Structures are given as structure tokens and as C-alpha cells.
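Asks: This is the structure I have questions about; it appears just below.
We did not get these values from a lab; they are worked out from the coordinates using the rules stated. Remember, predicted model here, so these are calculated numbers, not experimental data. Note that we place each Cβ from the backbone using ideal geometry, even for glycine, and neighbour counts take in every protein chain shown.
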Amino acid sequence: MQVSPIRSLFVRALVTSLPILTLAGSYSAPAVAADQGPTPATARVYQHLLERFDANRDGLLQTTELPAPVEERLGAADADHNGVITPEELHAFGVARRAARFAHADKNADGRLVPSEIGSARWDYLKVADANGDGAVTLDEIERAVASGTLRGMSADDRSE
């Protein structure tokens, strides 16, 4: 089946802009993010996914409704393996993914990211999360910025540095 260039671009943009691409690592997320449950940002992403992929219009994001590239990345969000991704699962998936990415980027494992660890493009993106203005960001600051909507998905170009 031929996939239209627009659909291909949409799927690529969706998949690369979501902070919920894959689970990796064992770094634990801060309690504030996990305990609060889905945020308004998660609700917006979930609604967008429903509008785009809920083929049978039952109001559920079923893994079988997702195109293969999206299912490959989001399928792991279905924590209870029932074939449905809930807003809670999507949120937990995003928190775990950000924690894994943070741990990978935190070269000296001090719990803070600084420009020298992540490069200027990533720093330009993340510095909005530096709530205390100390020139570094913690995972807690990132989670709070994501929850408030201050920090949004990063483009593929920004991540490639």
C-alpha cells in the first residue's frame, strides 16, 4: 500500500514530536510527575491521537488502530497489554521515556543537565525548564515544565545535534 507523502510526514512529525516514544532504562521519574497522573498536555496529545487514529470512533486508542510506525513506538505504552492505551498509560509512558532520555544525557550522573552535556540546540529547547535559573535543568524541572505546557515536543532537527 502506497502511503501519501503528507500522511508520512504527519506520522513522522507526530512520532518525533511526542515525548513518549519508547521506554528505556531504569531511571525512576520524580514522584511529582507519576503521582499527579495525566496532565493537560497529556490530555491534548491523547485527544489528538484519538481524533487521528480512532477508526471505529469508540473513544478508545486501540493499538490495532495505529499505523505500524506509531504502534511500534506507542505500543509499549499499553502497560496492561489489553490492546487499549489509556491517558494514564500514555502519561506514565511519557514520564518513563523522559526519565530514560534524561539519564542517558546526564553524562556525569549528577541529576542535572547542562549545555556541555546536551549541546546548544537541545539546551536552547530545554532551558525554558530551568526554573531556578542556575544554568542547569533537573528531571523534576523538566516534568514540571511539561505538565505546565511550557516545554513541548522537540523537533527531529533539534534532536539531531
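Asks: Would you work out the relative contact order for the stretch 61-143, in percent, from Cα pairs under 8 angstrom that are 6 or more residues apart?
Replies: Relative contact order comes out at 19 percent.
Asks: Continuing with the same structure: What is the local net charge at residue 81, summed over the other residues whose Cβ is closer than 14 Å to its Cβ (Lys, Arg +1; Asp, Glu -1)?
Replies: Once all neighbours under 14 Å are counted, the net charge is -4.
Asks: Compute, for the stretch 45-161, the length of the dipole vector about the Cα centre, with Cβ point charges of +1 (Lys, Arg) and -1 (Asp, Glu) only. Units Debye, rounded to 20.
Replies: Computed about the Cα centre, the dipole is about 240 debye.
Asks: When the chain is fully extended, how far beyond the present Cα-Cα distance does residue 82 get from residue 43, taking 0.36 nm per residue of separation?
Replies: 12.0 nm
Asks: Local charge sum around residue 138 (other residues, Cβ-Cβ under 14 Å, Lys/Arg +1, Asp/Glu -1)?
Replies: So the environment of residue 138 carries a net charge of -3.
Asks: Another question, then. So what J values fall out for the stretch 108-117 if you push phi through Karplus, 6.51 cos²θ - 1.76 cosθ + 1.60 with θ = phi - 60°, rounded to Hz, Gly and Pro as x?
Replies: Going residue by residue, I get 9, 6, 9, x, 9, 9, 10, x, 5, 8 Hz, with x marking Gly and Pro.
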